[in-house]
Amino acid sequence: MSEPKGKAKRLVELVPGIHHWTVTDNRIGGTRSDAYAVVDVDGSVILIDPLPIDEATLRELGDVTAIILTAGNHQRSAWRFRKAFGAPVWAPENAYGLEDKPDFIYVAGDTLPGGLLPFHTPGPAVAMYTLWMQTHPRGVAFISDLLTHDSKGTPEFVPSEYQDEPLRTRQSVQRILDHLTVDVLCFAHGEPILKDGASALRRALQEDMDAPAAPSP
């Protein structure tokens, strides 16, 4: 899938070391798409599902040393930025639809650049990962396409017809709650939540009106 036509105008620092930008994405009907940059303790910069933005703006953060995709459908500007910055691209094992060959493949349990930990969260796609990190005193989760957030109210699940396994998506959100500390919640499509992200995940499950029934045993 090609890059969006729009280009972000600015970066916003959400919490120390975590930067965010967003574009109106013509490829998905004008819905917003969101991307992130993590500045590591050594000053290196890791891009997560990067979207179009001036390269100079990213260079102001520091030396871009890695690009990480949470899923195959989030290639976005990754290949162009790989060429521009000389930064390797990391992609999940079995990510589908990749337009180029990633430099590294990761699976659950690996440690990625910037200390990011991949947590397998299938549902929207089989090879979809949440990236988690601890940045004192916060746990930060980049949850890919599990949920969207329109900046008001409770995060919502993407309609079932756009997911591979909608029930598994709900199970993935529950697994995040069971295993990860989440204060900051970063969406691939939607306004980040900067406090008590775990409560937002719980509300999403509790208020879910489109949850598919589990199959009969």
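The values are calculated or read from the model by the stated rules, or taken from the named source; none is laboratory data. This is a predicted model, so every value here is computed, not measured. Note that we place each Cβ from the backbone using ideal geometry, even for glycine, and neighbour counts take in every protein chain shown. In case anyone asks, the SASA skips ligands and DNA or RNA and just uses the protein heavy atoms, side chains included. Shrake-Rupley method; radii C 1.70, N 1.55, O 1.52, S 1.80 Å.
Does V158 satisfy being under 30 Å from V64 (Cα atoms) and among the aliphatic types (A, V, I, L, M)? Considered against the rule, which asks whether it is under 30 Å from V64 (Cα atoms) and among the aliphatic types (A, V, I, L, M), V158 comes out as no. For G115, the conditions (1) within 28 Å of S2 (Cα to Cα); (2) modelled with pLDDT of 95 or more are fulfilled apart from (1). Could we say that L201 is on the phi < 0 side of the Ramachandran plot and touching a helix residue (DSSP H, G or I) at 6+ places or on another chain (Cβ under 9 Å) here? In short, yes. If a residue must be without any contact (Cβ under 8 Å) to a residue 24 or more places away in the chain and among the aliphatic types (A, V, I, L, M), how many such residues does the stretch 152-175 contain? Of the residues in the stretch 152-175, 0 are without any contact (Cβ under 8 Å) to a residue 24 or more places away in the chain and among the aliphatic types (A, V, I, L, M). I'd like to know if the stretch 76-86 contains one or more residues that are of a type in the set (K, R), at pLDDT below 95 and outside any loop (DSSP other than H, G, I, E, B). No, the stretch 76-86 contains no residue that is of a type in the set (K, R), at pLDDT below 95 and outside any loop (DSSP other than H, G, I, E, B).
Taken together, the residues in the stretch 56-68 that are outside any strand (DSSP E or B), surrounded by 14 or more Cβ atoms within 10 Å (Cβ to Cβ) and on the phi < 0 side of the Ramachandran plot amount to 3.
Return yes when E3 is open to solvent by 10 Å² or more (accessible area, probe 1.4 Å), of a type outside the set (S, T, Y) and touching a Lys or Arg at 6+ places or on another chain (Cβ under 7 Å) and no when it is not. When the stated conditions are applied, E3 passes them.
Only residues that are part of a loop (DSSP other than H, G, I, E, B) and under 30 Å from P159 (Cβ atoms) were counted in the stretch 10-20, giving 0.
Residues that are of a type in the set (S, T, Y) and assigned to a loop (DSSP other than H, G, I, E, B) were ranked within the stretch 129-177; the one that is surrounded by the fewest Cβ atoms within 10 Å (Cβ to Cβ) is S151.
Filter the stretch 17-30 down to the residues that are open to solvent by 30 Å² or more (accessible area, probe 1.4 Å) and modelled with pLDDT under 95 and list them by number.
Of the stretch 17-30, the ones open to solvent by 30 Å² or more (accessible area, probe 1.4 Å) are 22, 24, 26-30.
T24, N26, R27, I28, G29, G30 - these are the residues of the stretch 17-30 that are open to solvent by 30 Å² or more (accessible area, probe 1.4 Å) and modelled with pLDDT under 95.
The residues in the stretch 97-120 that are open to solvent by less than 50 Å² (accessible area, probe 1.4 Å), in a loop (DSSP other than H, G, I, E, B) and within 24 Å of H136 (Cβ to Cβ) can be counted, and the count is 2.
Residues of the stretch 31-50 that are open to solvent by 10 Å² or more (accessible area, probe 1.4 Å), part of a strand (DSSP E or B) and of a type in the set (V, I, T): T31, V39.
Considering the stretch 178-201, and only residues there that are among the small types (G, A, S) and surrounded by fewer than 21 Cβ atoms within 10 Å (Cβ to Cβ), the residue that is nearest to D34 (Cα to Cα) turns out to be A200. Does V23 satisfy the criteria of being touching a His at 6+ places or on another chain (Cβ under 9 Å) and outside any loop (DSSP other than H, G, I, E, B)? Answer is no for this residue. In the stretch 2-37, the qualifying residues are those that are among the aliphatic types (A, V, I, L, M) and touching a Phe, Trp or Tyr at 6+ places or on another chain (Cβ under 9 Å), and the one that is nearest to T135 (Cα to Cα) is I18.
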